[in-house]
1. Among the numbered criteria (1) in a helix (DSSP H, G or I); (2) touching a helix residue (DSSP H, G or I) at 6+ places or on another chain (Cβ under 7 Å), which single criterion is violated by Leu91?
2. Specify which of the listed residues (Gln62, Gln47) is exposed (fewer than 15 other Cβ atoms within 10 Å of the Cβ) and either of a type in the set (A, V, I, L, M, F, W, C) or at pLDDT 95 or above (or both).
3. Kindly indicate whether any position in region 43-62 is within 21 Å of Leu98 (Cα to Cα) and touching a strand residue (DSSP E or B) at 6+ places or on another chain (Cβ under 9 Å).
4. Exactly one condition in (1) part of a helix (DSSP H, G or I); (2) among the hydrophobic types (A, V, I, L, M, F, W, C); (3) touching a strand residue (DSSP E or B) at 6+ places or on another chain (Cβ under 6 Å) is not met by Met66; state its number.
5. Is it true that some residue in region 35-43 is in contact with a Ser or Thr (Cβ under 6 Å, 6 or more places away or on another chain), surrounded by fewer than 19 Cβ atoms within 10 Å (Cβ to Cβ), in a helix (DSSP H, G or I) and at pLDDT 95 or above?
6. Can you find a residue that is assigned to a strand (DSSP E or B), at pLDDT 95 or above, of a type in the set (Val, Ile, Thr) and under 20 Å from Leu93 (Cα atoms) anywhere in region 17-25?
Amino acid sequence: MKIYRGRRTIDGIQVEVGGGPLMQHDEIKRFSPHGFEWAYEGAEPRQLALAILIDHLNDAQQAIAMSEPFMKAVIANLDNDWVLTSDEIDLTLRAIELGRH
């Protein structure tokens, strides 16, 4: 199971997966040139949603399609410091597909 972590530090935002930095995946789709953000709906949180989903799903097209609803259901509601597991992501994606989010 993968674990995704985000936190705000004095040096800025850090997002990790498996102990290393999460790639932004601008080469696949760029919603924002300003990097990641969370706790609201917008371009930067959607970029984070996309990056997490690309890493998790290993399917760029599905990640792009699910990035907005995942951003609204999860990323927009995260605290300053957060942890997401691959199991939690799977549950949320199933709920989105079933129209529960």
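1. Failing condition for Leu91: (2).
2. Numbers: Gln47 fails: exposed (fewer than 15 other Cβ atoms within 10 Å of the Cβ).
When all the criteria are applied, what remains is Gln62.
3. Taking every residue of region 43-62 in turn, at least one turns out to be within 21 Å of Leu98 (Cα to Cα) and touching a strand residue (DSSP E or B) at 6+ places or on another chain (Cβ under 9 Å).
4. (3)
5. In the first step, residues of region 35-43 are kept if they are in contact with a Ser or Thr (Cβ under 6 Å, 6 or more places away or on another chain); the result is 43.
Within this subset, residues satisfying the condition of being surrounded by fewer than 19 Cβ atoms within 10 Å (Cβ to Cβ) are 43.
Okay, now just the ones that are also in a helix (DSSP H, G or I), so 43.
From what is left, the residues that are at pLDDT 95 or above are 43.
Checking region 35-43: at least one residue is in contact with a Ser or Thr (Cβ under 6 Å, 6 or more places away or on another chain), surrounded by fewer than 19 Cβ atoms within 10 Å (Cβ to Cβ), in a helix (DSSP H, G or I) and at pLDDT 95 or above.
6. At the first step, the residues of region 17-25 found to be assigned to a strand (DSSP E or B) are 17, 20-21.
Within this subset, residues satisfying the condition of being at pLDDT 95 or above are 17, 20-21.
Pick out the ones that are also of a type in the set (Val, Ile, Thr) and you get 17.
Then drop every residue that is not under 20 Å from Leu93 (Cα atoms), which leaves 17.
Yes, because at least one residue in region 17-25 is assigned to a strand (DSSP E or B), at pLDDT 95 or above, of a type in the set (Val, Ile, Thr) and under 20 Å from Leu93 (Cα atoms).
The values are calculated or read from the model by the stated rules, or taken from the named source; none is laboratory data. Values in this document were obtained by computation on a predicted structure and should not be read as measured data. Please note: Cβ atoms are built from the backbone with ideal geometry, for glycine as well, and neighbour counts cover all protein chains shown.
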